[in-house]
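Asker: Here it is, the structure in full.
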Amino acid sequence: MNSDRAVGAQPTVSAHRRFALASPARRALLRFGLTGTAALGATAALGAAPASATPTAPARRRPSTPEEALCELAAGNQRWRTFRERHPDESPTVRQELTTGQHPFAVVLGCIDSRVPPELVFDQGLGDLMTVRSAGEVLDEAVLGSVAYGVLELDIPLVVVLGHQSCGAVKAAVESDESGKRLPAHIQYIADQIAPNIDRTQEGDARIASTIDANVRAVHARLAAEPDLAAKVTAGKLAIVGARYDLTSQRVRRIA
């Protein structure tokens, strides 16, 4: 479960060494390229100083209970949707600390949709969240094992099943169900997993919207029924919650 490490032979002269040997003007250009490229669309101040001059943010206390973890995610989403993001836990100190271990406080099982990255939606940083993403939050053994690893091995106190407005996987499942037309390749597997949760009491867009919530509830129920996770919930050491992200307002709300 450790992060991948670079492999292969080392260059004769490292990038840092070449940087150190460069002229002052050359170093300035290199520094601009390294910081400016990574900050596309951001304010110019982000690349105004070298990393060594970046202030070190005070270490945040890791939420250790389900309630604390929920409060932290709610506060982060509040910052996100009001454009007051802090982008926490990205400092050089945090990056160095994370080379020796990780202590995320929440697992977020979300969709693969590019508009719903959990670290941004909840304004969290490196090492804060363990994210597991599959189309429509569909569960298989790999997804279940990934969630279980976070809870049982890393002692994470919160699992959030995060659906979202205008989910393409749910829409495809609904349309396939209505038309009887099979989807290509492995996409049909996704639709088959979502199909039992289709809300047939609704029509049109309302059916898709209602099915998004119903799908989250079904995934939540399945996770909550896993014996190892259920034991943690019973002991008060874990909460499993369903939620939905609204693309229009950027708000995350709980699903009962």
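The values are calculated or read from the model by the stated rules, or taken from the named source; none is laboratory data. Quick caveat: nothing in here was measured; it's all calculated off a predicted structure. Cβ atoms come from the backbone with ideal geometry, glycine included; neighbour counts cover every protein chain shown. For the accessible areas, the whole protein counts, side chains as well, though only heavy atoms, and no ligand, DNA or RNA atoms are used. Shrake-Rupley method; radii C 1.70, N 1.55, O 1.52, S 1.80 Å.
Asker: Mind listing whichever residues of the range 176-195 are of a type in the set (S, T, N, Q) and either free of Cβ contacts under 8 Å to residues at least 12 places away in the same chain or farther than 23 Å from His220 by Cα (or both)?
Answerer: First pass over the range 176-195, keeping only residues of a type in the set (S, T, N, Q): 176, 179, 188, 193.
Listed by number, the residues that qualify are Ser176, Ser179.
Asker: If you don't mind, there's one more thing I want to ask. Of all residues in the range 215-229, which are open to solvent by 30 Å² or more (accessible area, probe 1.4 Å) and of a type in the set (A, V, I, L, M, F, W, C)?
Answerer: Residues satisfying the conditions are Ala218, Ala221, Ala224, Ala225.
Asker: Go through the range 104-115 and count every residue that is out of contact with any Gly (no Cβ under 6 Å at 6 or more places or on another chain) and either aliphatic (A, V, I, L, M) or at pLDDT below 95 (or both).
Answerer: Qualifying residue count for the region: 4.
Asker: Right, here's the next one. Any residue in the range 64-87 that is on the phi > 0 side of the Ramachandran plot sitting within a Cβ distance under 7 Å of a residue that is among the aliphatic types (A, V, I, L, M)? List the pairs, counting only those 6 or more apart or interchain.
Answerer: Close Cβ pairs satisfying both conditions: none exist.
Asker: So, Ala173, is that one farther than 30 Å from Thr100 by Cα, open to solvent by less than 20 Å² (accessible area, probe 1.4 Å) and free of Cβ contacts under 8 Å to residues at least 60 places away in the same chain or not?
Answerer: Details: farther than 30 Å from Thr100 by Cα: yes; open to solvent by less than 20 Å² (accessible area, probe 1.4 Å): yes; free of Cβ contacts under 8 Å to residues at least 60 places away in the same chain: yes.
So Ala173 passes the test.
Asker: Can you find a residue in the range 180-187 that is crowded, with 17+ Cβ neighbours inside 10 Å and modelled with pLDDT of 95 or more?
Answerer: Going residue by residue through the range 180-187, those that are crowded, with 17+ Cβ neighbours inside 10 Å are none.
No, that holds for no residue.
Asker: Considering (1) farther than 20 Å from Tyr245 by Cβ; (2) out of contact with any Asp or Glu (no Cβ under 6 Å at 6 or more places or on another chain), say which one Asp89 fails and leave the rest.
Answerer: Only one criterion is unmet by Asp89, namely (2).
Asker: In this structure, does Val121 turn out to be closer than 26 Å to Gln165 by Cβ, β-branched (Val, Ile, Thr), open to solvent by less than 70 Å² (accessible area, probe 1.4 Å) and touching a residue at least 60 places away in the same chain (Cβ under 8 Å)? Steps first, please.
Answerer: Details: closer than 26 Å to Gln165 by Cβ: yes; β-branched (Val, Ile, Thr): yes; open to solvent by less than 70 Å² (accessible area, probe 1.4 Å): yes; touching a residue at least 60 places away in the same chain (Cβ under 8 Å): yes.
Answer is yes for this residue.
Asker: Which one is least open to solvent (accessible area, probe 1.4 Å), of the residues in the range 188-214 that are closer than 24 Å to Val160 by Cβ and assigned to a loop (DSSP other than H, G, I, E, B)?
Answerer: The qualifying residue least open to solvent (accessible area, probe 1.4 Å) is Ile198.
Asker: Give the range 124-152 a look and list any residue that's open to solvent by 40 Å² or more (accessible area, probe 1.4 Å) and in a loop (DSSP other than H, G, I, E, B), or say none.
Answerer: Across the range 124-152, the qualifying residues are Leu126, Asp140.
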